1. Please list, ordered by first then second residue, the pairs with beta carbon atoms under 6 Å, 6 or more apart or interchain, first in region 159-186 and under 20 Å from Ile68 (Cβ atoms), second of a type in the set (Lys, Arg) and assigned to a helix (DSSP H, G or I).
2. For region 180-204, what are the residues that are under 22 Å from the mean Cα position of the chain (by Cα), in a loop (DSSP other than H, G, I, E, B) and among the hydrophobic types (A, V, I, L, M, F, W, C)?
3. Test Thr82 against the stated conditions and say whether it is closer than 30 Å to Val200 by Cα, polar (S, T, N, Q) and buried (at least 21 other Cβ atoms within 10 Å of the Cβ).
4. List, please: which pairs have Cβ atoms under 8 Å, are six or more places apart or on different chains, and start with a residue in region 286-309 that is touching a residue at least 24 places away in the same chain (Cβ under 8 Å) and over 13 Å from Asp254 (Cα atoms) and end with one that is surrounded by 11 or more Cβ atoms within 10 Å (Cβ to Cβ) and aromatic (Phe, Trp, Tyr)?
5. Spot the failing condition for Val330; the list is (1) loosely packed, with under 11 Cβ neighbours inside 10 Å; (2) more than 30 Å from Leu250 (Cα to Cα), and only one is missed.
6. Residue under question is Leu288, and the condition is that it be among the aliphatic types (A, V, I, L, M), within 23 Å of Gly243 (Cβ to Cβ) and more than 24 Å from the chain's Cα centre (by Cα); does it hold?
7. Would region 86-103 turn up any residue that is at pLDDT below 95, surrounded by fewer than 19 Cβ atoms within 10 Å (Cβ to Cβ) and outside any helix (DSSP H, G or I)?
8. Applying the selection to region 242-260, what residues are of a type outside the set (S, T, N, Q), on the phi < 0 side of the Ramachandran plot and more than 10 Å from the chain's Cα centre (by Cα)?
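The values are calculated or read from the model by the stated rules, or taken from the named source; none is laboratory data. Since the structure is predicted, the reported quantities are computational estimates derived from the model, not experimental observations. Quick reminder, even Gly has a Cβ in these numbers, built from the backbone with ideal geometry, and neighbours come from all protein chains shown.
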Amino acid sequence: MSPARSAFRLADLDVRYPFACTAFLQQQDGRGNRGTDKAGDGVGPLHGVNMNRLDPAFATAVESADAIFGRRISATELLNFTLRRVDLHNPRINAIIWQFREQAMARARQADEMLANGKTWGPLHGVPVTIKEAFAYQDSPNTWGLPPLKDVKSPRTALAVERLESAGAIVIGKTNVPVMLGDYQTYNPIYGTTNNPWDVTRTPGGSTGGGAAALAAGLGCLTLGSDLAGSIRIPAHFCGVYGHKPTLALVSTDGHQPGPWDGSPGVLMDLAVAGPLARSARDLALALYAIGGPNGDGAKAWNWRMPPPRQKRLKGFRIGYVIDDELAPVASDIGALCENVLASLSRVGAKMERGWP
């Protein structure tokens, strides 16, 4: 794990991430305020989340972690359930193209043993996740779809993946990508085509198409992707999941490269970032907390904290929008849906501003 990354602390979770898993917080400080939030503003960890009934196939990462911390499911049970779904559904969609079953099972057993002894890795303790094939992961290839790299394995794990694991996540596999991450679909000559789980005759988008398809099919609770010109946002849209493109350099891209990574600093590409995809906005915030922030010498120069939201009601927001453009005309049925959403936002008091900035 990254030596520059400090351990998770309750104070950090309270201040930097108000939606952290409730049971994790309780375990750390013994509070009995389950289902409440400090500010009383309805944005606490359980607001709008049913923690009593868990659907292990499509539960969010926060719900899954809470169930593990609350001993309603073990990390091993959740992983076994997830791997059975991989066996059942992945052959048709081809989302996960490299699996880490043995080490994932070993890590799940370790997670359960730690919890039994009152210890945790962090707020994603025991939660199964996937990562984009573009990220280095020790003893596996990161080919970017290039055949010459098919059998070349990386000796190191990318920093963003290390941070997910430091937060307690269990990496179950790598997800498919187009060649050089450069397409709106997901196909390469090594691993073939990934299909959209909603309709296997259609694409899940790209370039994080494998990750978005895995999430939509219930194959893991989170996935780590990357985005320059829509590679997180487009697959999230095509597959009906959540995706976030963070600010440039907020999440380290060290180890996000074709071919083996030896630990050398990554090269910043203009607008290219690493970021999460998930099944809820809360999960995106938790994942971003886990993977964000400076690394190495950069940690001596600056730090990063997620502040509380500036507004808590829609009427406090100013919303800019563009409903159509000559370069990307919007289909009439989609345009009507967008207009309805914008009208709803306006009715509740949001300040609407049409046009480019």
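1. Ile170/Arg107
2. Scanning region 180-204 gives a single hit, Trp198.
3. yes
4. Sorted first by the residue in region 286-309, then by its partner, the pairs are Leu286/Tyr17; Leu286/Phe19; Tyr289/Tyr17; Met306/Tyr17; Met306/Tyr289.
5. Of (1) loosely packed, with under 11 Cβ neighbours inside 10 Å; (2) more than 30 Å from Leu250 (Cα to Cα), only one is false for Val330: (1).
6. No: the conditions fail for Leu288.
7. no
8. Within region 242-260, Lys245, Pro246, Leu248, Leu250, Val251, Asp254, His256, Pro258, Pro260 meet the criteria.
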